[in-house]
Amino acid sequence: MTRLSRSVETPTGPVRLTEEDGSIVRVTWGQGGRDSSPLLDRAATQLEAYFAGALQRFDLPLRPFGSDFQRAVWREMLRIPYGETRSYGDLAKATDGIARAVGSACGANPIPIFIPCHRVLAADKELGGFSGGKGRETKEQLLTLEGSWPVQHSFAFG
């Protein structure tokens, strides 16, 4: 087993990409390794393009480790198009689960952004939780980038 990692600077802070045996297996926030490989280079380039607004769909080999149910939820997340959201309940129906279990699977997602758990909201369109970066603040940043979250405007009056 060969494990490599590389950090990429993003608007949400440094993101560490981890590769294991030719697949991305983990994405976390924080400084990490400085390894290079064709896959890590490709993942870093795609992540930078995503944050620049130039990429809406990642094309990378992903291998998330989890239970059968978690992997089913993560597959459903991959079906949520860029700029759209779904509720925990929507994913529960699609996986024959319950919303609370879907929420737990979202929180256990080892490859956030690439597996877009940030696109899953509560039934009342509230953010819900997010386990990466600065939590809900990071989730809001990702949804705002994708145009699926209202942007707060401030006006200066003179």
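Okay, here's what the table says:
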{"read-out": "Restricting the range 14-54 to residues that are surrounded by fewer than 18 Cβ atoms within 10 Å (Cβ to Cβ) and of a type in the set (Lys, Arg), the residue that is farthest from Pro116 (Cα to Cα)", "value": "Arg34"}
{"read-out": "Residue in the range 79-88 that is under 23 Å from Glu19 (Cβ atoms) and under 17 Å from the mean Cα position of the chain (by Cα) present", "value": "no"}
{"read-out": "Residues located in the range 85-102, provided they are farther than 26 Å from Ile24 by Cα, open to solvent by 40 Å² or more (accessible area, probe 1.4 Å) and part of a helix (DSSP H, G or I)", "value": "Asp90, Lys93, Ala99, Arg100"}
{"read-out": "Qualifying residue in the range 134-148 (condition: in a helix (DSSP H, G or I), at pLDDT 95 or above and more than 14 Å from the chain's Cα centre (by Cα))", "value": "no"}
{"read-out": "Whichever residue in the range 1-13 is assigned to a strand (DSSP E or B) and in contact (Cβ under 8 Å) with a residue 24 or more places away in the chain and, among such residues, is most open to solvent (accessible area, probe 1.4 Å)", "value": "Arg6"}
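Per-residue answers, yes or no, for (1) open to solvent by 30 Å² or more (accessible area, probe 1.4 Å); (2) among the charged types (D, E, K, R):
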position: Phe69; (1), (2): yes, no
position: Tyr82; (1), (2): yes, no
position: Ser104; (1), (2): yes, no
position: Cys117; (1), (2): no, no
position: Glu146; (1), (2): no, yes
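The values are calculated or read from the model by the stated rules, or taken from the named source; none is laboratory data. Please read these numbers as outputs of a predicted model, since none were measured by experiment. Backbone-built Cβ (ideal geometry, glycine too); neighbour counts: all protein chains shown. Just the protein is used for accessible areas: all its heavy atoms, side chains included, with ligands, DNA and RNA removed. Shrake-Rupley method; radii C 1.70, N 1.55, O 1.52, S 1.80 Å.
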